[in-house]
1. How many nm is it between the label spots at ALA164 and ALA147, if each spot is 7 Å from the Cα in line with the beta carbon?
2. Figure the gain on full extension for VAL175 and ALA86 (residue separation times 0.36 nm, minus the Cα-Cα span) and round it to one decimal in nm.
3. Probe of 1.4 angstrom, ligands and nucleic acids ignored: what's the accessible area per residue over segment 6-57, in square angstrom?
4. If I model a spin label as a point 7 Å beyond the Cα along the Cα-Cβ vector, how far apart are those points for ALA76 and ALA57 in nm?
5. Quick one: Karplus J couplings for segment 87-97, per residue in order, coefficients 6.51, -1.76, 1.60, θ = phi - 60°, nearest Hz, x for Gly and Pro?
6. What are the ³J(HN,Hα) couplings of segment 155-165, residue after residue, when phi is run through the Karplus curve with 6.51, -1.76, 1.60 and θ = phi - 60°? Round to Hz, x for glycine and proline.
7. Where does the Debye-calculated log10 I(q)/I(0) of segment 57-98 sit at q = 0.29 Å⁻¹, using only Cα point scatterers of equal weight, no solvent?
8. Please report the carbon-and-sulfur percent of the accessible area for segment 1-70; probe 1.4 Å, protein heavy atoms only, DNA, RNA and ligands left out.
Amino acid sequence: MTMLLPSMPVLLAFGAASLVTLVVPGPSVAYVVARSIAHGRRAGLYSVLGLETGALAHVLAASAGLAALLASSPTAFGMVRWAGAAYLVWLAVQEFRTVRRAHAPWHDEQAAYRPLRLYRDGVLVDVLNPKTAIFFLAFLPQFVDPARGGTTAQLAALGFVFVALATLVDGTYAVVAGRASARFRESAGARRRLSVVTGGVYLTLAGAAVVV
């Protein structure tokens, strides 16, 4: 397995570059934070698992050359991009609908957000973001050493390392943001405003998804 990874100096450089990319708030962080604050730490962590599962799918696609095919087809790229944006809009609509239920107890509202649904949403949000596929297609090959052989295997191994780091970073954001959610559990007015803000975050992410 060690031959599937670059030399230690290159691997350390890859880890550092990955952490810089992950720590700086981006769409994934915004999604995780919004979910965690709106629905609690548990919801945020399930969302992280979904996002990273989607990221693994993109890693496998990049390793198999599917990401390159997607990048070379404007039609396919556009279809996936608009599907992802539409799903984010749907999530925003669901948040806006909770505004009318703000008078209900906080734990009753969270019952609608079951683990499988949270996980599924995370998977779809990431899988339906073709920019993630393009990112892996551009980022991972920079750290591949053809002299070590098994280019495809190296791409996959580096991708797994990236996703492992992403899980740690996004999970940290989920835990920190989840603690803040407790402040909104007892106030219907605060929950109502939070749902509006969370829906706005999803709409912003949908707009970012369709920008070339």
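The values are calculated or read from the model by the stated rules, or taken from the named source; none is laboratory data. Here the structure is a predicted model, which is why all the values come from computation and not from measurement. Every residue, glycine as well, gets a Cβ built from its backbone with ideal geometry; the counts of neighbours run over all protein chains shown. Each accessible area value is taken on the protein alone, full model and side chains, heavy atoms only, with ligands, DNA and RNA left out. Shrake-Rupley method; radii C 1.70, N 1.55, O 1.52, S 1.80 Å.
1. 2.5
2. Gain on stretching VAL175 to ALA86: 29.3 nm.
3. Value for segment 6-57: 42 Å² per residue.
4. 1.5
5. 5, 5, 5, 4, 4, 4, 4, 4, 5, 5, 5
6. 4, 5, 5, 5, x, 5, 4, 4, 5, 4, 5
7. -0.92
8. Numbers: 2530 of 3170 Å².
Ligands and nucleic acids excluded, carbon and sulfur give 80 percent.
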